[in-house]
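All of the numbers you see were taken from the coordinates with simple rules; none came from a lab. From a predicted model like this one, the values you see are computed outputs, not experimental measurements. So basically every Cβ, Gly included, is an ideal-geometry build from the backbone, and we count neighbours across all protein chains shown.
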Amino acid sequence: MVRDYTMSTVCSGHRAVLACLVIGTFAISLSNVIIGHLAYNLSSLYQPEEFNRGLSTFERITNLDGEIIYDGEYISHILDGELPFPVNNNLKRLKFRPGSLPLSSAQSLQKCYINSTRYGNQIPDKTVMLASVSDTHKLIYRNIPKSSSSTARHAMKDFFDGNDRRVKHDELELAVHQLDYALISFVRDPLNRFYSSFDESFFRLGPWMGSGPIVADKPRVKKWYFENKYKVEKYPYLYEGLPTIGHFRKVYCPPDELSISPLACNDVPSIENGTLAHRFERFVRDYDG
């Protein structure tokens, strides 16, 4: 005769009821823990349905280095919280094609992150600022680099008898609020200003600034180059294959425009294929602050 040891027979005694309840509760709790653990592991292996559905909608390519390059629209959905960050992606950074991010300049800047500890020395707390002052006309131009600053300073000197000075903020307030000086300045779209700085950073520290036609009649510019070129000598890849200004211009200027005049290159879209951008990105990663 085979006995059927079911839960009801095991718990048939009055004293055994409490023990059965404890055992049953423990078994249910243990099963919940196991199921939850399995679900967590599965979530790390597979993307949520929303992610898979969203990713399949957008284009992604693989470059020569084996890196995945995403469509900018997909990146924007992640930035806006509409799609999750790929949890099984070993990379901490997602790359996207330049020009494919469907965000305005202001929206893009809101998503930017700056490591203030690493780059703190590049954001100095200056006590003085550059300004062009005309005492004759009681006019002050407050300099903001890469925002028509050179043009404005030349205009102040040529038309308003102005001179460059290093002034403190308190001095500007005194001149404006108590001495009746007018204060003017110019601002610029932040991303356009960054692009301009990007272009000039390559230009000003290139090897062609040490000799050649550009600095033939600019001894001060040449002197500045030799005093500062050590800053980029640690990163030789920046100017690899670009020994002269001619080589540099061929990277970004269409041949037809370059044959007319180097100045014509400033009025047409760049043909830069990512060579300079890739070097700059590498420099940002390597830069020690």
### Query
Applying 1/(1 + (r/R0)^6) with R0 = 45 Å to the Cβ-Cβ distance of residue 113 and residue 155, what FRET efficiency is obtained, to the nearest 0.05?
0.75
### Query
Which FRET efficiency value, to the nearest 0.05, do you get for residue 200 and residue 136 by plugging their Cβ-Cβ distance into 1/(1 + (r/R0)^6) with R0 = 35 Å?
0.65
### Message
I'd like to know how the stretch 194-264 sits against the 2.2 N^0.38 Å rule of thumb: what's its Cα Rg over that expected value?
### Response
1.14
### Task
Pop the C-beta distance of residue 286 and residue 144 into the FRET formula with R0 = 25 Å and round what comes out to the nearest 0.05.
0.30
### Gyration tensor verdict on the stretch 133-239 (Cα atoms; rounded if a/c is under 1.5, prolate if a/b is larger than b/c, oblate otherwise)
prolate
### Summary
Per its Cα gyration tensor (rounded if a/c is under 1.5, else prolate when a/b beats b/c, else oblate), the stretch 167-289 is best filed as prolate
### Task
Just subtract the alpha-carbon distance of residue 250 and residue 224 from 0.36 nm times their residue separation and send over the number in nm, one decimal.
6.8 nm
### Added length on full extension, which subtracts the Cα-Cα distance from 0.36 nm per residue, residue 192 to residue 82
36.8 nm
